[in-house]
Amino acid sequence: MVCLLLPPVIKSVNMRKQTVLITLLAMALSSCFLLTRPQSPDPMLWVSEETHEFGDIPPTDLVEHVFEVKNVGAKALEISRVQTSCGCTAAVMDSQLLKPNQKTRLKVTFDPRGRSGPQNRIVWIFSNDPKTAQKQLRVNANVALPAVPELVPAPAPSATSAVQPAAAAPAPAVQAPEPVKK
């Protein structure tokens, strides 16, 4: 009966090889079913990535990244809070209660104003996952130095344009007083 369902190529192979091929096919199919089942009987937090690199960014523009968060466990995952390491970083989660296999988004925004050079920030996710009650994510950036206006020096005075002292004003002519007539 099984031979009728197999492609003609497999029918031509001897019985031992056919058994091996059927076993491998069964294992491959069962692994597909295992991937869709929850990986834990408890709630289990999964995040798309643990670190995001913003790279070089200007010192004036806010940047953001969205992490995908999923419950890969068999029970509901409750996110009790999300916290950041600095006031320059904000984290907002779309949903804090995830049923098994449900996903949500965690949007992290970094404000580089007033900062320069390498910046490393941490975002913590607190949940009821018994194995990872506190998940740590990182966002890194290199904030460019703010542009400094170029100072152009004033031209140096040349010999011909040197400031000449003012010519002395001619002294007023002093006249002797006229004799008084009596």
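The values are calculated or read from the model by the stated rules, or taken from the named source; none is laboratory data. Because the structure is a prediction, the values reported are computed rather than measured. In this analysis, Cβ positions are derived from the backbone assuming ideal geometry, glycine residues included, and neighbour counts consider all displayed protein chains.
Brief remarks on what is shown
- Scanning the range 49-63 for residues that are surrounded by 14 or more Cβ atoms within 10 Å (Cβ to Cβ) and not in a loop (DSSP other than H, G, I, E, B) returns His52, Phe54, Ile57, Val63.
- Answer residue from the range 139-169, given it is surrounded by 10 or more Cβ atoms within 10 Å (Cβ to Cβ) and in a loop (DSSP other than H, G, I, E, B) and is modelled with the lowest pLDDT among those: Pro146
- The range 59-98 - residue that is modelled with pLDDT of 95 or more and among the charged types (D, E, K, R) and, of those, farthest from Gln134 (Cα to Cα): Glu64
- Hits in the range 94-146 (condition: among the hydroxyl-bearing types (Ser, Thr, Tyr) and touching an Asp or Glu at 6+ places or on another chain (Cβ under 8 Å)): Thr104, Thr109, Ser127
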